[in-house]
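The values are calculated or read from the model by the stated rules, or taken from the named source; none is laboratory data. It should be emphasised that the depicted structure is a prediction, and the values quoted were computed from it without experimental measurement. Cβ sites come from the backbone with ideal geometry, for glycine too, and all protein chains shown count toward neighbours. The area values use the complete protein model at the heavy-atom level, side chains included, leaving out ligands, DNA and RNA. Shrake-Rupley method; radii C 1.70, N 1.55, O 1.52, S 1.80 Å.
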Amino acid sequence: MRNQGETNTLASNKQLCDLDEYSLAHVFLFLNVGDLDRCVLVCKKFQHIIQRVVFPKKCKHALVTGSDHGVALSPYHYTRRKRVKLDENWRYGRYEERSYFHHNVMYISQLAIDKDCLYMTHGGRLQAHRRTKSVHMIDTRIAWMVGSVGDSDITSLAKKNNRFFAGRMDGKILLYEHGSGQQHLQAITNDVIKAVDFNKDVYAVTTKNESTYVFNYSPPDRELLYDGDVFEHSHVYPHAYETIKLNNNLLAVGKFHCSKKRALQLIDLYSCTIQQLNSPSTAVYDVLWKDEHCILCGNFDTTMRLVDVRTGNDEACWTDPYNASVYCLSYNGTYAVHCGMKYHYRTNLYDLRAPNRCVQMYFPLKKNSNFSPVYRIAADCSQMFVVTDHNLRILNFDADWAATKDYASI
């Protein structure tokens, strides 16, 4: 039998590479990408564990880049190592910034992205710009457009696949199918259209002062411009809302002001009933469906809330460190929520797994005394698109050389 001295000698001679693969993988999970890159060079055993176990596991639990939805929106194909590195850049504020489409007259563009194009509005025109793999990130030349600048301003936009649904200031709605080139313009009200959304053949529209409309869509027979009405009224609710989002038969709506602090409501399209949720909000500026049971809402009271529609109660709440209202939201499908804030072009990054904690804040460069809110926001796994009063700003996080701008702990 070994005595105590022999056992201590054997333990002191044990090296890191003598550990089993499970233990090594657990240790490596605490290292950043730079440290892991150096460990890969030590031996083939380390290389195998890091490439086959550590990077896939880190990638799976990554805040921004772990989402397949965010990766699908990007024009790039990233390795797991690169996705982990990108996630570190998001967390530590490492990015480069570019601004495009400056206009002197204040105008709030509507925004949508996919892996091929950036879609935005200017006046009454919807235009597409190719996303590129160059340092400029987008081609400023218009790839295609619908409408003209002289038309009534587009005040809201929803996109799913190749279908675009927009509301105008003159009370008309525009439906455009990019694949077929089919478009339809239909007048539904004399009021300003505030928000639109659609799901399959159900379309919802809310106005600034009057009502909220739900339509059924009947596709026209002809593939070219169709002059008849293709939207049939299903129901009209005598309430106007600031924002709306459809999810199957449920319509999440937010009021611009509610003195009873019940601005977040839910409309059941089957029973045509309106339910006031218990989330204590005076005003709701944006809503998103996290899943079929939960809503994310950005509020006037400087909070973002996660609300369960089954109970009507808040499940979690995040408060802005600088007491700014939340103007818009973007959700990556797993854990990350990007919020556009009221002041200083600022955006916040929140982790749904960590309530009431701001992961990072991004302050784009300010070249004048303008303190614009962020009105619209869209993001994939490596880039964030921000609409302000006078331009579009793109933050590119695939920039390992960029300076770190860490505002997480101020």
Regarding ASP170, is this residue under 19 Å from VAL386 (Cβ atoms), surrounded by fewer than 20 Cβ atoms within 10 Å (Cβ to Cβ) and not β-branched (Val, Ile, Thr)?
no
Select from the stretch 123-140 the residues that are out of contact with any Asp or Glu (no Cβ under 9 Å at 6 or more places or on another chain) and over 15 Å from ARG393 (Cβ atoms) and list them in ascending order.
LEU126, GLN127, LYS133, SER134, ASP139
Exactly one of SER281, SER369 is open to solvent by less than 40 Å² (accessible area, probe 1.4 Å), out of contact with any helix residue (DSSP H, G or I) (no Cβ under 8 Å at 6 or more places or on another chain) and at pLDDT below 95, and that one is SER281
Tally up the residues in the stretch 250-279 that are part of a loop (DSSP other than H, G, I, E, B), of a type outside the set (A, V, I, L, M, F, W, C) and touching a residue at least 24 places away in the same chain (Cβ under 8 Å), please.
4
Cross-chain or 6+ apart pairs with Cβ under 9 Å, the stretch 99-127 first and more than 21 Å from GLY340 (Cα to Cα) and at pLDDT 90 or above, then basic (Lys, Arg) and open to solvent by 50 Å² or more (accessible area, probe 1.4 Å)
ASP116/ARG130; CYS117/ARG130
Residues being over 18 Å from the mean Cα position of the chain (by Cα) and within 21 Å of ASP197 (Cα to Cα): count how many of those fall in the stretch 271-307.
9
So for the stretch 351-358 (the condition being touching a Cys at 6+ places or on another chain (Cβ under 8 Å) and either crowded, with 20+ Cβ neighbours inside 10 Å or closer than 23 Å to LYS261 by Cβ (or both)), does at least one residue qualify?
yes
Counting only residues that are open to solvent by less than 10 Å² (accessible area, probe 1.4 Å) and over 30 Å from ASN391 (Cα atoms), which one in the stretch 306-350 is modelled with the highest pLDDT?
VAL307
Reported set for the stretch 256-271 where residues are more than 16 Å from ASP308 (Cα to Cα) and open to solvent by less than 50 Å² (accessible area, probe 1.4 Å) is CYS258, LEU269
Residues to consider are HIS239, HIS233; find the one that is open to solvent by 60 Å² or more (accessible area, probe 1.4 Å) and not in a loop (DSSP other than H, G, I, E, B).
HIS233
Residues of the stretch 135-156 classified as out of contact with any Lys or Arg (no Cβ under 9 Å at 6 or more places or on another chain) and open to solvent by less than 30 Å² (accessible area, probe 1.4 Å), total
0
